[in-house]
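The block underneath contains the structure these notes are about, expressed in structure tokens.
The values are calculated or read from the model by the stated rules, or taken from the named source; none is laboratory data. In this text the structure is predicted, and so the values were computed from the model without any measurement. Note that we place each Cβ from the backbone using ideal geometry, even for glycine, and neighbour counts take in every protein chain shown.
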Amino acid sequence: MDAYEYMSSRIIAQLAGVTKQYSLQGDVVHVLRDIHLSVYHNEFIAIMGASGSGKSTLLHIMGCLDRLSDGSYTLGGKDVNSMSDKQLAALRLNYIGFVFQDFNLLPHVSVYENVALPFLYAENDSSQSDKLVIDALKAVGLSHRLKHHPGALSGGERQRVAIARAVVNTPKIILADEPTGNLDSVTTTEILSLFKRLHSNGATIILVTHDHDVAKTANRILYMKDGRLSENE
Ligand SMILES: Nc1ncnc2c1ncn2[C@@H]1O[C@H](COP(=O)(O)OP(=O)(O)OP(=O)(O)O)[C@@H](O)[C@H]1O
Ligand SMILES: [Mg+2]
């Protein structure tokens, strides 16, 4: 294996010439423009950038929650573009943990059930998934809130449930959209040490943040500006 082949084999996710646009009442809105990005196994990347620059859109595409308009996206060696919705759902289950910017918790079920959600469609042994759910909630300091519904939690607690749900299936890639946006500094430190632990256990992490101190946790910082991604601020 030569150096080029070795580096290629270390790539877990790769975007080439990715664009995303929407048509809105006759206008075309360009949200992502010609994005090129190679993510290596076990990288920890932070993405920063102004509001509206396209960070969430990029993360949703990388998390197979949305489709690109043009270009190509390869995840774990597979061309995501050509996969069916069903195949994408399976890929998400095995590969991806996603922390949504607005949490996306189910309001009418308990904390426990929200975190157990990724297992609902998988044929998991329930005694095994029970332990994983409890462990994930312990890791975010919420094992005393199993029966609460999201409406009976604080904003920061809801965010921590969203993080527990994202990591419960030990995903290879964790995509986190402002995971510390609503947390105080103590909880932010706790959540960041959780991400660091997941990273040292082998996960690849991509985290969107507005906070320079949070971004410094990462090994590489990228900047989004008007739909373009760059290494420079
Ligand atoms: N469905 C849509 N139709 C048209 N425009 C959209 C659509 N979804 C997103 N946009 C636009 O795309 C741009 C980027 O949105 P995105 O949510 O990716 O920004 P962001 O960088 O995550 O911002 P923030 O930091 O505020 O979360 C915004 O200007 C938004 O209005
Ligand atoms: Mg956003």
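Search the range 207-217 for residues being over 13 Å from Gly49 (Cβ atoms) and in contact with a helix residue (DSSP H, G or I) (Cβ under 9 Å, 6 or more places away or on another chain), and hand back the single one that is nearest to ligand 2 (Cβ to nearest atom). Within the range 207-217, the match that is nearest to ligand 2 (Cβ to nearest atom) is Val214.
Number of residues in the range 21-38 that are without any contact (Cβ under 8 Å) to a residue 60 or more places away in the chain and in a strand (DSSP E or B) equals 8. Within the range 22-32, the residues that satisfy the criterion of being at pLDDT 95 or above and either buried (at least 17 other Cβ atoms within 10 Å of the Cβ) or among the small types (Gly, Ala, Ser) (or both) are Val31, Leu32.
Taking residues in the range 47-69 that are part of a helix (DSSP H, G or I), and partners anywhere that are at pLDDT below 95 and near ligand 2 (Cβ under 9 Å from one of its atoms), the pairs with Cβ atoms closer than 6 Å and at least 6 places apart or on different chains are Ser56/Gln101.
Please give the number of the condition Ala50 fails out of (1) within 16 Å of ligand 1 (Cβ to nearest atom); (2) over 17 Å from the mean Cα position of the chain (by Cα); (3) surrounded by 14 or more Cβ atoms within 10 Å (Cβ to Cβ). Tallying (1) within 16 Å of ligand 1 (Cβ to nearest atom); (2) over 17 Å from the mean Cα position of the chain (by Cα); (3) surrounded by 14 or more Cβ atoms within 10 Å (Cβ to Cβ), Ala50 fails exactly one: (3).
Considering (1) touching a Ser or Thr at 6+ places or on another chain (Cβ under 7 Å); (2) assigned to a loop (DSSP other than H, G, I, E, B); (3) among the β-branched types (Val, Ile, Thr), the lone condition that Ile134 does not fulfil carries the number (2).
Which one is farthest from Val186 (Cα to Cα), of the residues in the range 116-131 that are hydrophobic (A, V, I, L, M, F, W, C) and either at pLDDT 95 or above or surrounded by fewer than 19 Cβ atoms within 10 Å (Cβ to Cβ) (or both)? Selected residue: Ala122. When the test is whether a residue is within 16 Å of ligand 1 (Cβ to nearest atom) and assigned to a helix (DSSP H, G or I), Gln159 passes it. Consider the range 193-233 and keep the residues that are more than 20 Å from Gln101 (Cβ to Cβ) and in contact with a Leu (Cβ under 9 Å, 6 or more places away or on another chain). The one that is nearest to ligand 1 (Cβ to nearest atom) is Arg228. All of (1) assigned to a helix (DSSP H, G or I); (2) surrounded by 14 or more Cβ atoms within 10 Å (Cβ to Cβ); (3) away from ligand 1 (no atom under 16 Å from the Cβ); (4) not charged (D, E, K, R) hold for Ile174 with one exception: (1).
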